[in-house]
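Right, one structure below, let's go through it.
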Amino acid sequence: MDTTDEAPRTNAPEFTVSEISGAIKRTLEGEFGRVRVRGEITELKAYPSGHIYLALKDEGAKIRAIIWRFAVPRLTLKPENGVEVIATGKVSAYGERSDYQLIIDRLEYAGEGALLARIDALRKKLGAEGLFDEARKKPLPRLPRVIGVVSSEKGAVIQDIRTTIARRFPSHILLWPVPVQGQGAAEQIAAAIEGFSRLPAGIPRPDVIIVARGGGSLEDLMAFNEEIVVRAAANCPIPLISAVGHETDTTLIDFASDRRAPTPTAAAELAVPARAELLAGLQQTSARLLGCGQAMLNQARLHLSRTEARMPDLPGIVGAARQRLDDRAERLTLAPTALLHRKRGALDAIAPRLPHPRETLAAHRHAVAQSDTRARAALQRLTDQSHARLARIADPAAGMAGRLREARLHLSSLGARLEGASYQGVLARGFALIRTEDGHAIPCAADVAPGARLAVTMRDGSFAATADGAGAPPAPAAPPPRKRPTKPEQGSLL
């Protein structure tokens, strides 16, 4: 029997794929149990089912991990790519792909250094956007009627706020309960801040909002370092006071809020004034107002007294004026009589020096008689001189007659000249004046066209004629004109 083709026999047992995969899984889970793994989150992916798949890596290796849906709400932080964390869970294997993975049920930041680095990076990013600028800060109201509080309904924070407000200045408090740590706390805090500014009608809107939480570790306060909370605080239209942790704790919401309080109690003290202090200030202000009013009245009285001292004695002035008026009236009554006496005395003093009227009249009569005598003598002399001049003048009538004869002769000569120069005298001697129909004189026969209508004027009238074109006989030679004396040129009579 040939046994060369038979497989070699071995004592190693044979396993199916499922058996070996299950054995590996049991070995991993039994050997490691619950472990804490430190690494940087990468390849993060959230599925619609609610499960979160990721990987943790360091400088030399990478391990896959998964967070089941029921464990997500219990996480204290929101997983993000690039964040170094410490994951707590158990090691398990996924047989279908022969992979091992870490089932995570708890996440923590890997030390405060990583947390602070993440917080500082977010602070720089939001600061560059201007969310922390002082120009965005809103002033707190002096006397708020309604105070909104975003905090947990359990614990001492809300009780401290209520007690402080009731002690200082009782006001209405509107609480919006939210979780202040853990997975989803940041989203609910941001929703509460935004919800206060969008309250429906009928619910009083807060005049100021306090976001408060008690002390805790840096991981416990991380919800107030999330970007969604910081942006909600920066964009809140209502003045917001942050009171997260103790006095030494600082979160990013403190930079975005309008005022920061070291503790929730201090936040309540910032939100409302102390009634006792207001009453004391009111009394002090009232006392100062009364004192100022009294001082103003005293100053006005002093000014009035000084003005009264400088004013003249009006009754005395009026009495003196009345006395002067009486004195002037009495003097006015006596003045005419005194004036007459004074004028009469002056007249009596002048009367002896005045001449008698008869003497004055006689002197005037004598002067008039002398003037009349001198006038008569002058008139006689003038008359005699005029008679002598008239005697030397020739008879004017004879000279005038000679001048008239000379003028008549000159006028007759001018008339004869005029009669000789007149064209009517020429017509009377048998001549005729020929003109065109429009009245223009025709001096030459060449100017007459055959058949032209002509107007002929003679000594005793005018008639119309028509030229037939025959030449006229030459006119007899006119006698030479007589040489006449030069006379002024006479214009045409036509």
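Residue count for region 419-450, restricted to those that are assigned to a helix (DSSP H, G or I) and either polar (S, T, N, Q) or touching a residue at least 40 places away in the same chain (Cβ under 8 Å) (or both): 3.
Taking region 32-47, which residues are in contact (Cβ under 8 Å) with a residue 12 or more places away in the chain and not in a strand (DSSP E or B)?
32, 33, listed by residue number.
Note on region 241-282: residues that are small (Gly, Ala, Ser), assigned to a helix (DSSP H, G or I) and over 19 Å from residue 230 (Cα atoms) amount to 6.
So which of 173, 209 is in contact (Cβ under 8 Å) with a residue 40 or more places away in the chain and among the β-branched types (Val, Ile, Thr)?
209
Scanning region 119-161 for residues that are among the basic types (Lys, Arg) and within 27 Å of residue 226 (Cβ to Cβ) returns 123, 124, 125, 136, 137, 138, 154.
Out of curiosity, is residue 96 in a loop (DSSP other than H, G, I, E, B), more than 29 Å from residue 231 (Cα to Cα) and not assigned by TED's automatic domain parsing to the domain that holds residue 263? Explain how you work it out, then say what you get.
Working: in a loop (DSSP other than H, G, I, E, B): yes; more than 29 Å from residue 231 (Cα to Cα): yes; not assigned by TED's automatic domain parsing to the domain that holds residue 263: yes.
Yes, satisfied.
Answer yes or no: is there a residue in region 288-305 that is within 45 Å of the chain's Cα centre (by Cα), basic (Lys, Arg) and in a helix (DSSP H, G or I). Scanning region 288-305, I find at least one residue that is within 45 Å of the chain's Cα centre (by Cα), basic (Lys, Arg) and in a helix (DSSP H, G or I), so the answer is yes.
Only a single item in (1) modelled with pLDDT of 90 or more; (2) in a loop (DSSP other than H, G, I, E, B) is not met by residue 229, and it is number (2). The condition of being touching a helix residue (DSSP H, G or I) at 6+ places or on another chain (Cβ under 7 Å), on the phi > 0 side of the Ramachandran plot and either surrounded by 15 or more Cβ atoms within 10 Å (Cβ to Cβ) or not in a strand (DSSP E or B) (or both) holds for only one of 50, 82, that being 50.
If you take the residues of region 192-225 that are over 19 Å from residue 249 (Cα atoms), touching a helix residue (DSSP H, G or I) at 6+ places or on another chain (Cβ under 8 Å) and of a type in the set (A, V, I, L, M), which of them is surrounded by the fewest Cβ atoms within 10 Å (Cβ to Cβ)?
Going residue by residue through region 192-225, those that are over 19 Å from residue 249 (Cα atoms) are 192-209.
When the remaining residues are screened for being touching a helix residue (DSSP H, G or I) at 6+ places or on another chain (Cβ under 8 Å), the result is 193-194, 205-206, 208-209.
Subset that is of a type in the set (A, V, I, L, M): 193, 208-209.
Values: 193: 27, 208: 25, 209: 27.
Per the stated criteria, the residue is 208.
Looking at residue 104, is it part of a strand (DSSP E or B), touching a strand residue (DSSP E or B) at 6+ places or on another chain (Cβ under 9 Å) and surrounded by 18 or more Cβ atoms within 10 Å (Cβ to Cβ)? So residue 104 passes the test.
The values are calculated or read from the model by the stated rules, or taken from the named source; none is laboratory data. Since we're looking at a predicted model, the values are computed, not measured. Ideal geometry is used to build each Cβ from the backbone, glycine not excepted, and the neighbour counts take in all protein chains shown.
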